[in-house]
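This report refers to the structure that appears directly beneath it.
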Amino acid sequence: MSQTPAEQTPTAAADQGSSSSSSGSTDSTSTLGSAGTAVDWTSVAEEASASVVSILVEGPAGSAQGSGVVIDEEGHVLTNAHVVADAGSGGSLQVVLTDATVLEAELVGSDPATDLAVLSLDPPPAVSPIELGDSTSLRVGQPVMALGNPLGLSNTSTVGIVSALDRPVTTAAESTAEGGLAPTPVVTNAIQTDAAVNPGNSGGALVDAEGRLVGVNSSIATVGGSDGNQTGSIGLGFAIPVAEAGWVAQALIEDGRVQHSYLGVTPQDAVVEVDGVRRQAAGIVEVAPGTPAGRAGLRAGDAITEVDGEAVPDALSLVAQVREREPGTEVLLGVVEEGGGTEEVTVVFGVRPD
């Protein structure tokens with residue numbers, strides 16, 4: 001099973017014929033929100049969809065489609081970096097609103113390391129920006145709605161639940177690193193949902209029962225199709241938490257670039273013993289000198305089991321926890337020392353060297 005960016009490909013759009021103009025759909029099944037009351041998904045879809053747009057990309061390699069979310073009164077649109085990757089090579093961008101209005105868009109900034117990008121619209125649309133929610137307060141089983149442009153079917157809404165949190169997901173970055181080297185893979189501390197997410201949903205909104213943005217849909221798990229073609233939703237979609245997307249978007253708007261957090265360790269999967277119980281952890285193979293980890297007293301042979309109370313079961317999870325947070329963030333690490341003792345270590349993340 002692999003994770004695939006949920007962008008819309010021209011081939012998939014052609015397979016759907018001319019149905020891309022169909023109206024959005026909602027699930028009328030009654031579900032309970034966090035307060036235990038029934039959720040009116042019709043109202044949620046109506047309110048949130050006004051801030052969700054379709055993105056059309058024309059580039060040297062062809063055309064593609066994706067989704068985006070209007071996040072402020074200035075008309076900035078948050079989306080995935082892989083959705084707009086081709087536009088950075090002499091391509092063009094257009095955004096389609098829910099009323100079929102077509103606007104020209106410019107790329108404000110793109111950050112392949114987090115798979116996020118921000119566009120500006122000309123003129124700014126006369127739509128209300130989406131309200132930002134709190135992804136840190138999400139709970140497994142909480143109902144959510146995914147909105148976007150899957151398979152070219154604009155204004156589509158699907159409903160499901162949060163099926164897992166802090167799910168470390170790896171996808172390939174779209175751009176090539178300097179010097180022609182392979183780019184660093186995107187590692188996301190993702191929200192996992194069973195709301196149907198398909199190619200074209202990338203960059204679209206994952207909202208809670210109050211219509212607030214809690215995540216940016218970015219990838220799906222696939223099991224592969226015939227002749228190597230990817231399949232659609234199998235009930236495992238992943239979204240970048242708004243807690244991460246918010247600060248990344250702000251950095252792109254203000255500076256056009258993003259600085260990333262840095263701990264300074266080389267981790268590996270490990271199993272440690274805590275109070276007589278064996279548990280999975282991120283073992284530390286090496287600590288680079290002069291790094292936040294080194295200054296905090298971490299040593300090779302230690303293992304990290306928690307970040308701010310959130311379990312760290314393997315090396316990838318530690319990487320995802322670090323990349324989710326802004327440089328300068330102070331965190332409390334649960335550490336098992338090489339000799340078997342346990343301690344809590346406070347670390348302030350630095351800036352990752354370019």
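The values are calculated or read from the model by the stated rules, or taken from the named source; none is laboratory data. Please read all numbers here as calculations on a predicted model, not as lab measurements. All Cβ positions, glycine included, derive from the backbone under ideal geometry; neighbour counts span all protein chains shown.
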TODO: May I ask you to list the residues in the stretch 210-235 that are within 19 Å of Ala164 (Cβ to Cβ), surrounded by fewer than 24 Cβ atoms within 10 Å (Cβ to Cβ) and either modelled with pLDDT of 95 or more or not aliphatic (A, V, I, L, M) (or both)?
DONE: Thr222, Ser233, Gly235
Task: Residue in the stretch 315-328 that is over 29 Å from Gly109 (Cα atoms), within 21 Å of the chain's Cα centre (by Cα) and either exposed (fewer than 15 other Cβ atoms within 10 Å of the Cβ) or not assigned by TED's automatic domain parsing to the domain that holds Pro185 (or both) present - done: yes
Open item on the list: For the stretch 248-299, which positions are of a type in the set (D, E, K, R) and at negative phi?
Closed with: Glu254, Asp255, Arg257, Asp269, Glu273, Arg278, Arg279, Glu286, Arg295, Arg299
- [ ] Go through (1) surrounded by fewer than 17 Cβ atoms within 10 Å (Cβ to Cβ); (2) at pLDDT 95 or above; (3) of a type in the set (A, V, I, L, M) one by one and return the number of the condition Val287 breaks.
- [x] (1)
Open item on the list: I'm told Gln280 meets every condition in (1) assigned by TED's automatic domain parsing to the domain that holds Asp166; (2) part of a strand (DSSP E or B); (3) out of contact with any Leu (no Cβ under 6 Å at 6 or more places or on another chain) except one. Can you identify the failing condition by its number?
Closed with: (1)
TODO: From the list Ala243, Ala249, pick out the single residue that is assigned to a helix (DSSP H, G or I), out of contact with any Phe, Trp or Tyr (no Cβ under 7 Å at 6 or more places or on another chain) and surrounded by 24 or more Cβ atoms within 10 Å (Cβ to Cβ).
DONE: Ala249
- [ ] Test Glu343 against the stated conditions and say whether it is in contact (Cβ under 8 Å) with a residue 12 or more places away in the chain and either surrounded by fewer than 15 Cβ atoms within 10 Å (Cβ to Cβ) or not in a helix (DSSP H, G or I) (or both).
- [x] no
